[in-house]
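Structure first, commentary second.
Laboratory data are not the source of any read-out in this text; all were calculated from the coordinates shown. These figures come from a predicted structure and were not determined experimentally. Every residue, glycine among them, receives a Cβ derived from its backbone with ideal geometry; neighbour counts consider all protein chains shown.
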């Protein structure tokens, strides 16, 4: 059964007709989800389009029962070596990008870098109460990556978010305490103040720098 599904997924990838539109039926959506799962499992390799063709060929050969072009047992270690090498290269590239982005953020007029590494920039001064670490706050926010890609937004959900300051990432705990209710600020969060080498979800990769535009709507003591 799984082999049949895998063959169909590969056919979808190879067929311009199927690739032209999103899945419509529940079965198509389930098959599409399988493709997403496969993609996640090989994301660490950061494959180029040309490299992906070899992966697709391996999938096709295995799914259709064709004799493999390589002895898989001889390549298990090589697969792991490639994964480590790609992970290291991605980490070095991301570290360089983080360093450059943070340097520009620090140089922005009015920006303040805290001891933790958080870069705080007030966009609108509030007039109300500043929260303490044990307070609950109500906020609206938009989270983006250094390239501007949005990964979260309470504005899009249409509902502000509430949380205790001691229950969120350090960037938020430190940054929100610098604000007063009614204020708005930009928080640039280096990895050590955000999700570190663990990342979060599909969009926040390990060691990612995050940017938040935050409005502090209310402080609940």
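Points worth noting:
- Residue check for residue 210: crowded, with 19+ Cβ neighbours inside 10 Å, over 26 Å from residue 36 (Cα atoms) and in contact with a helix residue (DSSP H, G or I) (Cβ under 8 Å, 6 or more places away or on another chain): no
- Selection status of residue 143, at positive phi and surrounded by 15 or more Cβ atoms within 10 Å (Cβ to Cβ): no
- Within region 107-120, tally of residues that are outside any loop (DSSP other than H, G, I, E, B) and either touching a helix residue (DSSP H, G or I) at 6+ places or on another chain (Cβ under 8 Å) or under 17 Å from residue 194 (Cα atoms) (or both): 3
- Condition broken by residue 113, with the remaining ones in (1) in contact (Cβ under 8 Å) with a residue 24 or more places away in the chain; (2) surrounded by 14 or more Cβ atoms within 10 Å (Cβ to Cβ) satisfied: (1)
So that you can scan it fast, the table gives a plain yes or no per residue for (1) farther than 20 Å from residue 220 by Cβ; (2) without any contact (Cβ under 8 Å) to a residue 60 or more places away in the chain; (3) more than 25 Å from the chain's Cα centre (by Cα):
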{"site": "129", "(1), (2), (3)": "no, no, yes"}
{"site": "136", "(1), (2), (3)": "no, no, yes"}
{"site": "139", "(1), (2), (3)": "no, no, no"}
{"site": "144", "(1), (2), (3)": "yes, no, no"}
{"site": "148", "(1), (2), (3)": "yes, yes, no"}
{"site": "151", "(1), (2), (3)": "yes, yes, no"}
{"site": "155", "(1), (2), (3)": "yes, yes, no"}
{"site": "158", "(1), (2), (3)": "yes, yes, no"}
{"site": "163", "(1), (2), (3)": "no, yes, no"}
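- Inside region 189-206, residues that are closer than 16 Å to residue 168 by Cβ and not in a loop (DSSP other than H, G, I, E, B) make up a count of 8.
- Sole residue being assigned to a helix (DSSP H, G or I) and exposed (fewer than 11 other Cβ atoms within 10 Å of the Cβ), chosen from 103, 83: 103
- The one condition from (1) touching a helix residue (DSSP H, G or I) at 6+ places or on another chain (Cβ under 8 Å); (2) part of a helix (DSSP H, G or I); (3) closer than 23 Å to residue 91 by Cα that residue 47 does not meet is (2).
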